[in-house]
């Protein structure tokens with residue numbers, strides 16, 4: 001009998017015994033397949049660091065455990081195991097792509113931009129005088145809400161305590177004031 005065929009039959013026998021509840025056979029099987037799994041992963045993903053290969057080996061072992069009842073003892077064991085490895089590698093690849101789409105490597109980026117205009121703290125946005133006049137033209141409740149929440153940057157709770165208004169009333173006054181300011185400033189620009 002050829003050596004690889006003998007190993008295949010031995011693994012099949014161990015898996016069949018493990019399916020019947022033989023814990024020793026299961027432990028022996030797992031110890032025997034770990035190097036095989038590692039080789040399969042490394043041959044497909046040779047660029048992975050050892051820690052990532054170890055993680056994938058663990059994922060394959062978990063999958064093997066969860067689907068062990070699907071193994072048919074009359075069929076070869078190696079293709080069944082290889083299919084589990086392929087599926088885990090595909091899952092890991094999809095996860096890597098999904099994760100990579102949400103991340104931006106920022107370790108080598110400058111904290112500020114090179115263009116001088118982007119780093120000047122004195123840059124003005126729009127006409128400050130027009131904004132001041134627009135705020136002064138607001139009804140008293142809206143003006144007070146803008147001054148406390150937007151200009152002095154108080155919290156809603158702090159502003160409510162100072163004005164005696166409810167948080168809901170402050171939110172509504174701020175919303176209406178912002179809408180009015182946008183309309184007014186669009187007309188003046």
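Brief remarks on what is shown
- The lone exception for residue 46 - which of (1) surrounded by fewer than 14 Cβ atoms within 10 Å (Cβ to Cβ); (2) in a helix (DSSP H, G or I) it fails: (2)
- Filter result for the condition that a residue is assigned by TED's automatic domain parsing to the domain that holds residue 11, in a helix (DSSP H, G or I) and surrounded by fewer than 11 Cβ atoms within 10 Å (Cβ to Cβ), over 57, 97, 34: 97
- Any hit, the stretch 126-133, residues being in contact with a helix residue (DSSP H, G or I) (Cβ under 9 Å, 6 or more places away or on another chain) and either at pLDDT 90 or above or under 30 Å from residue 39 (Cα atoms) (or both): no
- You will find that of 83, 51, 92, the residue that is at pLDDT 90 or above and assigned to a helix (DSSP H, G or I) is 83 and no other.
- Scanning the stretch 151-170 for residues that are surrounded by 15 or more Cβ atoms within 10 Å (Cβ to Cβ) and part of a helix (DSSP H, G or I) yields 156, 159, 160, 163, 170.
- Test result for residue 9, touching a helix residue (DSSP H, G or I) at 6+ places or on another chain (Cβ under 7 Å) and surrounded by 10 or more Cβ atoms within 10 Å (Cβ to Cβ): no
The values are calculated or read from the model by the stated rules, or taken from the named source; none is laboratory data. Given the structure is predicted, the values throughout are model-derived calculations rather than measurements. Cβ: placed from backbone, ideal geometry, glycine included. Neighbour counts: every protein chain shown.
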